[in-house]
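Right, one structure below, let's go through it.
The numbers here are math on the coordinates, done by the rules we state, and not lab data. Keep in mind that what you see is a predicted model, and the values were worked out from it rather than measured. Heads up, the Cβs are rebuilt from the backbone with ideal geometry, glycines too, and the neighbour counts pull from every protein chain shown.
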Amino acid sequence: MKTLIEFINEKQADFPYATGEFTRLLNDIGIAAKIVNREVNKAGLANILGYEGNTNIQGEDQKKLDVFANKEFTKALKHGGQCAAIISEEDEEVVIFDNETSKKGKYIIAIDPLDGSSNIEVNVSIGTVFAIYRRRDHHESVHNEDLLRPGVDLAAAGYVIYGSSTMLVYSTGNGVNGFTLDPSVGLFILSHPEMKLPEDGAIYSINEAYYNNFPEGIKRYMKYCQEEDPATNRPYKTRYIGSLVADFHRNLIRGGIYIYPGTTKNPAGKLRLLYECNPVAYLAEHAGGKASDGFKRTLEIQPNDIHQRTPLFVGSKKMVEKAEEFMRKYSKDFPDEYL
Ligand code: P6P
């Protein structure tokens, strides 16, 4: 039984800049996750269901738990002092901390504090998704170059899934490891060491309701998934939870592909590059999987806005490659405004 902190300290030596700061940063995230988990688990009881009355950058009604989660992660990271700024789905602008310790924080966090929050009131799994960048020069004040960095620059990434159990899954580039919260002692315990995304799978996750607006390549790929071919385990199963973290976590364990493509109405799709697509792309790659926008590797996309959207194809390497094949063959001229 190894706790998260024991594991981080043990792995510290593998970390290129083995310092206590990163341990403290991950610990701060773990603490905030436990606080959010406590509220998520009693959401039906406390008067924190329903709308906060504002809308976030997505134009989505901010539910009280969204706002609560954003406040908890921001508070934990600010007081931890290792993080200089936060890019959050719940805040239009980047939050640059002004307290003395944080000003010299070595890290920048991009976070979706509570992704899939429309599922809260129907008791379906939701999650927190985070990406950790190490600043090039923490002596200077935070500037745009610190914020708009491609995923290949990530120092670490992970998610918390608030499901039948609460798990923290993260990677610092040296394997992907999963920790399950033992609520009786309030500790994350290593339960899924060295997670590997199966190279192939038989589950595809996509919101088929948008079929008419999908690129031809997606329409053809969907038909491919539905064809009878026992030799390649087709037809595949379709599973779509409407919660990226839950769909990704299932595919990470069982194999599969999650696609949120661009459509003729929204060529860049819905998901945000910095705090949704990059973290899951980073985890997918470090677990042996793949992630792209259908053409280009997600982690190589250069952000030009902190809330930039991008299409996402992520999961089993062979399934992503097959979907990309259909995109190249049938949709290479799909509006390239996001490519
Ligand atoms: P749609 C939740 O809002 C989210 O960001 C992801 O967690 C989820 O996979 C997707 O959007 C669902 O979007 O358009 O299918 O309802």
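Just a few scattered comments:
- A simple rule links phi to the HN-Hα coupling: the Karplus curve 6.51 cos²θ - 1.76 cosθ + 1.60 with θ = phi - 60°, which for the range 214-219 gives 6, x, 3, x, 6, 4 Hz, with x for Gly and Pro.
- Selected from Pro183, Ile161, Ser205, residue furthest toward positive end of dipole (the range 151-257; charges at beta carbon): Ser205
- Sequence of Asp115, Asp153 once ranked by neighbouring C-beta atoms within 10 Å, starting from the fewest: Asp153, Asp115
- Net length available on complete extension from Glu10 to Glu100 is 29.4 nm, with 0.36 nm assigned per residue and the Cα-Cα distance removed.
- Cβ-Cβ FRET estimate between Asp229 and Tyr330, R0 fixed at 25 Å, reported to 0.05: 0.80
- Of the trypsin sites (Lys or Arg not before Pro) found in the range 110-163, those that fall in a DSSP loop while having at most 13 other beta-carbon atoms within 10 Å are Arg136.
- 15 Å beta-carbon shell around Pro183, net charge (K/R +1, D/E -1): +1
- For the chain, the alpha carbon convex hull comes to 132 Å³ per residue, rounded to a whole number.
- Along the chain, the longest continuous region that contains none of the GluC sites (Glu not before Pro) in a DSSP loop with at most 15 other C-beta atoms within 10 Å is 229-339.
- Between Glu121 and Asn266, the contour length at 0.36 nm per residue exceeds the alpha carbon distance by 49.5 nm.
- Sorted by Cβ density within 10 Å, fewest first, the residues Met167, Met319: Met167, Met319
- Integer Hz, Karplus 6.51/-1.76/1.60 couplings in order for the range 194-207, x for Gly and Pro: 6, 5, 10, 7, x, 4, 10, x, 9, 10, 10, 10, 7, 7
- Check: the range 4-192 dipole with +1 on Lys, Arg Cβ and -1 on Asp, Glu Cβ, in debye: 520
- Every helix of 4 or more DSSP H residues in the chain counts as -39500 (n - 2.57), and over all residues that averages to -9000 deg cm²/dmol at 222 nm.
- Between helix 20-41 and the chain: long-axis angle, C-alpha atoms, 0 to 90°, nearest 10: 70
- Folded to 0 to 90 degrees: helix 64-80 orientation relative to the chain principal axis, Cα: 50
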